[in-house]
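Below is one structure, written out as structure tokens; comments come after it.
A short reminder: the numbers here are calculations on the coordinates, not readings from a lab. Predicted, not measured: the structure shown is a model, and the values here were computed from it. Here Cβ is always computed from backbone atoms with ideal geometry, including for glycine, and neighbour counts include all displayed protein chains.
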Amino acid sequence: MKPEWIAADWGTSNLRLWAIGADGSVLADRTSSRGMGQLASDEFEDTLIDLAADWLDTADTVVASGMVGSRQGWVEAPYQTAPCEVSCKTMVKAPVNYPNLTVHVIPGIKQTSPSADVMRGEETQIAGFLTEHKDWDGVLCLPGTHTKWVHVSANEVVSFQTFMTGEMFALLTQNSVLSHSVATTGWDDNAFDAALSTTLSRPESLAGRLFALRASHLVNGADPTALRAELSGLLVGAELAAAKPYWLGQNVAIIGADTVAMPYVSGLAAQGVIATRTDATNMTLAGIKAAYSQLET
């Protein structure tokens, strides 16, 4: 196996590498739990070499996306400012000591108006999506810990907004009074749909409805699994209400794994919006390949 270059998705918690052949095919991939959050700035190069030493015999170029380019990462890759092209033509080189190695880091995107916002890593998924969906115009939803709603037009990120829905769900289920009532696994479609409808139509009711989950368990013995789905529905419904200017009347695509994407798919479907769904990992790799192609032009 003789890879020509290496693609890296380096997030806060994990690192994933792909060995890419001369024809653009994936020859192998490897993962590590040594994400940005576990590393000092002088530990990134050693981590890369430990994981991919045998690939570096022929692959002397690495293109990396994600939190590796944050202020706490290997090297800070300054944000582009929206509106901006999705496919970045300017990457930042990380400092290296390994002979003949070059590491290019893809910058994130910031927004100054109408409200301050940032993304780092999602821009690569967006670039990958647009590589595979030429001339696509509409809104992309990237669900996760911090869900992004992104307006894309003419191959540019026009504007975007971040919602902390995923982090709120984690905090409420693990560190609030609701942790005593909400199951850690399981799902109930009916409970989710009803709750989403409630906060989509009346988002101002969210805070009150949250404590009602605890009370329902104490007073009525409500099923913790149903309460888990209800909590998700309440939060996603409030998000969809706030994000309505993005998705209403637009082409919508969702980039994410099933577990995080399906609540949005079903929530939008209930509003008559049929969203295209694509896999986040595939879009990340496609976006890194698009960035690598910029080095060759």
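Against the longest alpha carbon principal axis of the chain, how many degrees, from 0 to 90 and to the nearest 10, is the axis of helix 258-269 turned? With rounding to tens, the tilt is 50 degrees.
A Cβ-based charge dipole, computed about the Cα centre of the chain with Lys and Arg at +1 and Asp and Glu at -1, lands at about 720 debye. Of all beta bridges that DSSP places with both ends in the chain, some 65 percent have antiparallel geometry.
Going by the alpha-carbon gyration tensor, a ≥ b ≥ c the square roots of its eigenvalues, is the stretch 1-108 rounded (a/c under 1.5) or, if a/c is not under 1.5, prolate (a/b greater than b/c) versus oblate?
oblate
3J(HN,Hα) along the stretch 95-102: x, 9, 10, 5, x, 6, 7, 10 Hz, from the Karplus curve 6.51 cos²θ - 1.76 cosθ + 1.60 with θ = phi - 60°, whole Hz, x for Gly and Pro.
Couplings 3J(HN,Hα) for the stretch 120-125, derived from phi with the Karplus relation 6.51 cos²θ - 1.76 cosθ + 1.60 (θ = phi - 60°), are 8, x, 5, 4, 6, 5 Hz, where x marks Gly and Pro. If you run the Gaussian network model on the chain, springs between alpha carbon atoms under 10 Å, then out of 39, 142, 196 the most flexible one is 39. When DSSP beta bridges are limited to those with both residues in the stretch 121-290, what percentage is antiparallel, rounded to the nearest 5? DSSP beta bridges in the stretch 121-290 are roughly 65 percent antiparallel. Residue order for 42, 223, fewest other beta carbons within 10 angstrom first, comes to 42, 223.
Residues 180, 133, arranged from fewest to most other Cβ atoms within 10 angstrom of their Cβ, appear as 180, 133. Build a GNM of the chain with springs between Cα atoms under 10 Å apart, and of 220, 100, 251 the one that fluctuates most is 220. For the stretch 188-198, backbone phi angles converted through the Karplus equation (6.51, -1.76, 1.60; θ = phi - 60°) give residue-by-residue couplings of 9, 4, 5, 5, 4, 4, 5, 5, 4, 4, 4 Hz, Gly and Pro being listed as x.
Remark: the chain projects, on average over all directions, an area of 16.1 nm² (convex hull of Cα atoms). Of 56, 37, 192, whose Cα points farthest to the positive end of the dipole of the chain (charges on the beta-carbon: +1 Lys, Arg; -1 Asp, Glu; origin at the Cα centre)? It is 192, whose Cα lies furthest towards the positive end.
Using a 7 Å offset from the Cα along the Cα-to-Cβ direction at both residue 207 and residue 257, what is the distance between the two label points in nm, to one decimal? With each label placed 7 Å out from Cα toward Cβ, I get 3.4 nm.
Show that you can apply the helix-only estimate: for the chain, add -39,500 (n - 2.57) for every DSSP H stretch of four or more residues, divide by all residues, and state [θ] at 222 nm to the nearest 500. Write out the running numbers ahead of the final one.
Working: 9 runs with 110 residues, N = 297.
Dividing the helical sum by the residues of the chain leaves -11500 deg cm²/dmol.
Partner lysines whose Cα lies under 19 Å from the Cα of residue 2, excluding those fewer than 8 positions away in the same chain, are identified as 289.
Close amide-amide hydrogen proximity is noted between residue 28 and 19, each under 5 Å apart and 5 or more residues distant or on a separate chain (H modeled in the peptide plane; Pro and chain starts excluded). Under a Gaussian network description of the chain, with springs only between Cα atoms under 10 Å, the residue in 50, 135, 29 that fluctuates furthest is 50.
So if I place +1 on the C-beta of Lys and Arg and -1 on the C-beta of Asp and Glu, and nothing else carries charge, what would the dipole magnitude of the stretch 152-281 be about its Cα centre? I want it in debye, nearest 20.
Roughly 260 debye, rounded to the nearest 20.
So if I take the centroid of the Cα atoms in the stretch 277-296 and the same for the stretch 176-190, what is the distance between those two points in Å? So the two Cα centres are separated by 36 Å.
In whole angstrom, note down how far apart the Cα centers of the stretch 224-271 and the stretch 2-66 are. Cα centroid to Cα centroid, the span is 33 Å.
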